[in-house]
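Below is one structure, written out as structure tokens, with a few remarks after it.
The values are calculated or read from the model by the stated rules, or taken from the named source; none is laboratory data. As the structure is a prediction and not an experimental result, all values here were calculated from the model. When we count neighbours, we look across all protein chains shown, and the Cβ atoms used for this are built from the backbone with ideal geometry, even at glycine.
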Amino acid sequence: MPQRYDIAIIGTGPAGISAAITAAVRGKTILLLGPAALSEKLSRAEKIENYPGLPAISGADFARALSAHLDSLGIRITDGRVGAVYAMGDWFGIQAGETTYEASAVILACGVAQGKPLPGEEEFLGRGVSYCATCDGRLYRGKTAAVLAYCAEAAKEAEFLATLCARVLYFPVGRAPIPRAENIEVIRELPRAIAGEGKANAVLTDAGAREADGIFVLRDAVLPERLVPGLATEGERVAVDLSMRTNLPGLFACGDAAGRPYQYVKAAGQGNTAALSAVEYLSKR
Amino acid sequence: MVTKIENEKMEKALEAKAAVVDFSATWCGPCRMLAPVMEELSEELKGKVDFYNADTDENPQLAGKYNIYSIPAVLVFKDGQLVGSSVGFRPKADMKAFIESKLG
């Protein structure tokens, strides 16, 4: 039996870290999942003008201060990209890479997904388009898979697909790293759309169409309703009440994931509220 | 109870008044999470609808016939006719509402 944490917190920005601090102070066992280097967006922020007590602090200094706070409480970050959160009734399964963690409550602090889906992406989702190589890769054994790589973990997933598929077409976008395997072809063309007929069969780029049997779109952040099947959203934000409760009992959301304003001080406050609500939820079970 | 479909034979599901077939595989994470949900629903909907599970590795022809490109895929049949399908994990209440909506 894997360990079941009291609270799993997904995201290492100010919301997630604030939630982790409060939950730890309240004596709960926590799993803090996300990039160990903290939220990349945070480290790149030039200057934060309105965080009480820390006037005109740089994003990098703020990230260091948050790290030091976690260290002082002995909170460790489990590095990983969460692929899915499953509401199982009175517990949650959290899939990150090859591992599935278990927790009694979950706090989503995963930020807001940037960028719109590609034309054809949603139309063909589940019909040739997938967000999870480890989930669906084996359906394309001996065939051609395309990987649209928008995140650092995409290279590892492409290498996994290369062990199954005859060919892997790898489209690195932005700073995605390059995988290594004989049957991976790196294609430096920007994906513009996904095409198909009944089922996706090609990636369209500026240079033309690249045919593939399965197309894996791997992004840093997935839409919350994709991350958590059954989760209610309003536009791009998770629907929450003032206690940061979502429609799924035991699941809370805070920070940018819960909507505007996108401010660190608001994120930290909501993280605190979410953690207190999770503690209350656990005490009533 | 969820009945396992073996050797590509799903005639029983097609002969039933109402049947749900969960296409999945042992290596698929969401499928493993969905399995206990389907097991519980098979008890809650006992007498109304029969539940089946088809492993896509063991039943590749069925998976091809029903155009299974992503799993878990839950197909709902009424008097042998496909009346609905749902791809991916769903929490129990959601899945139950989906199945009931397709059976009318």
Q: Filter the stretch A:5-19 down to residues that are touching a helix residue (DSSP H, G or I) at 6+ places or on another chain (Cβ under 9 Å) and either assigned to a strand (DSSP E or B) or hydrophobic (A, V, I, L, M, F, W, C) (or both), then give me how many there are.
A: 7
Q.
Name the single residue that is farthest from the chain's Cα centre (by Cα) among those in the stretch A:144-165 being surrounded by fewer than 24 Cβ atoms within 10 Å (Cβ to Cβ), away from chain B (no Cβ under 11 Å) and part of a loop (DSSP other than H, G, I, E, B).
A. A:THR163
Q: Considering every residue within the stretch A:154-163, establish whether at least one is hydroxyl-bearing (Ser, Thr, Tyr) and free of Cβ contacts under 8 Å to residues at least 24 places away in the same chain.
A: yes
**Q.** Where a residue in the stretch A:27-54 is without any contact (Cβ under 8 Å) to a residue 12 or more places away in the chain and its partner, wherever it lies, is exposed (fewer than 15 other Cβ atoms within 10 Å of the Cβ) and in a helix (DSSP H, G or I), with Cβ under 8 Å and at least six apart
**A.** A:LEU54/A:ALA65
Q | Check on B:PRO60, out of contact with any Ser or Thr (no Cβ under 9 Å at 6 or more places or on another chain), surrounded by fewer than 17 Cβ atoms within 10 Å (Cβ to Cβ) and under 24 Å from A:GLU197 (Cα atoms) | A | yes
Q: Sort out which residues of the stretch A:54-68 are farther than 15 Å from A:ILE9 by Cβ and either under 16 Å from the mean Cα position of the chain (by Cα) or surrounded by 20 or more Cβ atoms within 10 Å (Cβ to Cβ) (or both), and write them in order of number.
A: A:PHE62, A:ALA63
Q. Conditions: (1) modelled with pLDDT of 95 or more; (2) surrounded by 18 or more Cβ atoms within 10 Å (Cβ to Cβ); (3) among the hydrophobic types (A, V, I, L, M, F, W, C). A:VAL222 meets all but one. Number of the miss?
A. (1)
Q. Could you say whether any residue in the stretch A:110-128 is in contact (Cβ under 8 Å) with a residue 12 or more places away in the chain and not in a loop (DSSP other than H, G, I, E, B)?
A. no
Q) Got a sec? Which of A:LEU204, A:LEU169 is farther than 13 Å from A:LEU118 by Cβ and either assigned to a strand (DSSP E or B) or within 14 Å of chain B (Cβ to nearest Cβ) (or both)? A) A:LEU169
Q: Only one of these is within 11 Å of chain A (Cβ to nearest Cβ) and not hydrophobic (A, V, I, L, M, F, W, C): B:TYR52, B:TYR69. Name it.
A: B:TYR69
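Let me confirm something: among A:GLY137, A:GLY126, A:GLY97, A:GLY111, which residue is within 22 Å of A:ALA8 (Cα to Cα), buried (at least 19 other Cβ atoms within 10 Å of the Cβ) and either touching an Asp or Glu at 6+ places or on another chain (Cβ under 7 Å) or within 14 Å of chain B (Cβ to nearest Cβ) (or both)?
Of A:GLY137, A:GLY126, A:GLY97, A:GLY111, the one residue that is within 22 Å of A:ALA8 (Cα to Cα), buried (at least 19 other Cβ atoms within 10 Å of the Cβ) and either touching an Asp or Glu at 6+ places or on another chain (Cβ under 7 Å) or within 14 Å of chain B (Cβ to nearest Cβ) (or both) is A:GLY111.
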Q.
Take B:ALA13 and tell me if it is within 14 Å of another protein chain (Cβ to nearest Cβ) and either touching a strand residue (DSSP E or B) at 6+ places or on another chain (Cβ under 9 Å) or surrounded by 15 or more Cβ atoms within 10 Å (Cβ to Cβ) (or both).
A. no
Q. What pairs can you find where one residue is in the stretch A:69-94 and within 15 Å of A:GLY11 (Cβ to Cβ) and more than 14 Å from every other protein chain (Cβ to nearest Cβ), the other is among the hydroxyl-bearing types (Ser, Thr, Tyr) and surrounded by 13 or more Cβ atoms within 10 Å (Cβ to Cβ), and their Cβ atoms are less than 7 Å apart, with a gap of 6+ or different chains?
A. A:ILE77/A:THR12
Q: Counting only residues that are under 11 Å from the mean Cα position of the chain (by Cα), give me the helices (runs of 4 or more DSSP H) lying completely in chain B with at least 3 of them.
A: B:29-44
